[in-house]
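See structure below.
The values are calculated or read from the model by the stated rules, or taken from the named source; none is laboratory data. Fair warning: this is a prediction, and the values are worked out from it, not measured in the lab. Here Cβ is always computed from backbone atoms with ideal geometry, including for glycine, and neighbour counts include all displayed protein chains.
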Amino acid sequence: MARTLTAKLIDAHRVDGGDASGDEVALRIDQTLTQDATGTLVMLELEALGLDRVRTELSVQYVDHNLLQEDHRNPDDHRFLESACKRYGIWYSPPGTGVSHPVHQECFGRPGASLAGSDSHTCAAGALGMLALGCGGLEVALAMAGEPLVLPRPRVIGVRLVGRLDPWVSAKDVVLELLRRRGVAGAVGAVLEYSGPGLEQLSVMDRHVIANMGAETGATTSVFPSDDVVRDYLAGCGRPGAWEELAADRRAEYDEREEIDLRTVEPLIARPPSPGDVVPVRELEGLAIDQAYIGSSANPGYRDFAAAAAIVEGHVVPPHVSLDVNPTTRQVLQQLVASGALGALVGAGARIHQAGCNGCIGMGQAPATDGVSLRTVPRNFPGRSGTLDARVYLCSPETAAASARSGRVTDPRTLGDEPPRIRRPGKRSVSRGLRAFVSKPLPAAEACLVDLVKGPNVTSIPELEPLGEPRMLPVLLRLTDDVSTDEILPAGARTLPLRSNLEAIAEHAFRPLDGSYPERAREVADRGGHVVVAGRNYGQGSSREHAALAPRILGLRAVVAAGFARIHRSNLIQFGVLPLELVDLEDLHRIHVGDLLRVAPVEDLPDDDGPFEIERRGAGGSVRVRLAASPRERAILRAGGRLAQARQLLVHGA
């Protein structure tokens, strides 16, 4: 039977599970990726598990999110992460080396390998033909401990690319076209698998752009074939032996099909507050802007910066426009210096920031109040930029640079028939590669002597008890569709430095939506906890497990929603929070803040996925929900969370 590339990758790593879409599959994980916004908690989980040394082929810890050092907290956490890498046998990429995804792709990515990362954009590695899965941090910690990663077997959407992109149109416009068609939940439970003659035009970094933002469709991951383009890329990285040819069988059957004729794609832009609200740039032409931002894992390649440099070279951006340039890796920064592109950017008035995520997650470069910011980042959720009422638009580097040059939203095609000519740096002018900056793991004999270095902001993970008995719990929040993890637990310079201080970070839970939530949650915590009610696609966006753990620390026991995003649903289960799905969407409008819902422990609920009623006091009556959870997930909920369950299995052998 002809197979998709996704099926080949899954079956090559499957240690248990079924063949049908939706069946749970347990996958062997070859590599893991952690970053500092999530990695500190992962390292604390490894400590709680009593792990001696990671049991993967390769694990890498990157410091790319929390680079601002306004006080001791971030540098203390960097020191803690470095000591944990030495202790557990993990590669360490220090601050300034670059964003995890392009660094991992250049230094460690391998076609055919499986990768689990505590970052939702881990899926970018699908550009190499990897099975790359964004997960919650605890799932990654367990993969590092040698446990398989379990997830529902995804459907496969075949995306065929034909034709060639016109001048001034680039890979960002391709993925925005997919988002225009499908929205932010149009690929939930599916893998986007790319094929077709249009791939020949797309470099590995172009494919990285598309695979990265596949996360915004809700996709489990994206997969590209490993072809001659990938072979040449790996040879250029000094790793020709890492390449192998991988592709779907010629007559492979897909669950769905999509075709994009690249000749018809035009410059596109996603309007706030969603990556799925995509329109042609020409429809917004003339809108005055305050900021243009080039960089992030969604556009990390040298060409993305060099194209922007060519567009603004010889011009000076208007004084009211901040042109922010965030080189994604030390290598890219050196290439920009060597080619003269950095000088062109500086000469045009650009502000150059250190290699890292930076403003993409609100760590600096925040727009002004009500400011219009055009960004090449993957997300524009409210408040993610650091300014709650900023109007953030997502676009290509060409559109961002053309708009910075004019001070208004500008379709880059209006700049002329010829696209910008990108100057290539000489090889001798660039260092011997990013891997030179990444520290190797210590030998096991030395690693076991290393102590974890914990600053005053690093605290232990509290023990979380299972529900135990049925309780009438108050509804503290009733939310709408598409609530993001940035709204549940915000990123940014105020919050992210608290990532290893769980009691402190919990005080920021849901503040973008309701600033009174933490105080109200603590008031009812000693009475058994509380419930949050939401619409469809609850928990979209980042993989950060703090968005599940922080409310759980404040007493969250169940989320009743019309639907859940994959990673956040898993994170809720990992920390013992019931994800109850509404059967009748009309019930969402019948539940009000202050109502009491009867929440029972999982052992008191039906064993199947069928609907059942829960009592509602307030307006009276009941609501129908279901717990669509596997026996494995139900066992986690009975234990009060995966950490308690895993600690017993790994430490006590029970």
_Among the listed residues 17, 89, 98, identify the single one that is on the phi > 0 side of the Ramachandran plot, surrounded by fewer than 22 Cβ atoms within 10 Å (Cβ to Cβ) and of a type outside the set (Phe, Trp, Tyr)._
17
*Name the residues in region 530-551 that are part of a loop (DSSP other than H, G, I, E, B) and under 13 Å from the mean Cα position of the chain (by Cα), would you?*
539, 541, 542, 543, 544, 545
_Matching residues in region 603-631 - criterion: being among the acidic types (Asp, Glu) and touching a Ser or Thr at 6+ places or on another chain (Cβ under 6 Å)_ = 613, 615
*Consider residue 413 carefully, then state whether it is in contact with a Ser or Thr (Cβ under 7 Å, 6 or more places away or on another chain) and surrounded by fewer than 24 Cβ atoms within 10 Å (Cβ to Cβ).*
no
*When you scan region 197-215, how many residues do you find that are under 19 Å from residue 9 (Cα atoms) and either surrounded by fewer than 20 Cβ atoms within 10 Å (Cβ to Cβ) or modelled with pLDDT under 95 (or both)?*
0
*Quick check: is even one residue across region 553-570 closer than 27 Å to residue 469 by Cα and polar (S, T, N, Q)?*
yes
*Just one of 279, 316, 346 is part of a loop (DSSP other than H, G, I, E, B) and either β-branched (Val, Ile, Thr) or at pLDDT below 95 (or both); which is it?*
316
*Keeping to region 434-474, report how many residues are part of a loop (DSSP other than H, G, I, E, B), farther than 24 Å from residue 76 by Cβ and free of Cβ contacts under 8 Å to residues at least 24 places away in the same chain.*
1
*Taking region 19-57 as the search range and keeping residues that are touching a strand residue (DSSP E or B) at 6+ places or on another chain (Cβ under 7 Å) and in a loop (DSSP other than H, G, I, E, B), which one is nearest to residue 544 (Cα to Cα)?*
29
_Would you confirm whether or not region 171-181 contains a residue that is of a type outside the set (A, V, I, L, M), over 26 Å from residue 410 (Cβ atoms) and touching a residue at least 24 places away in the same chain (Cβ under 8 Å)?_
no
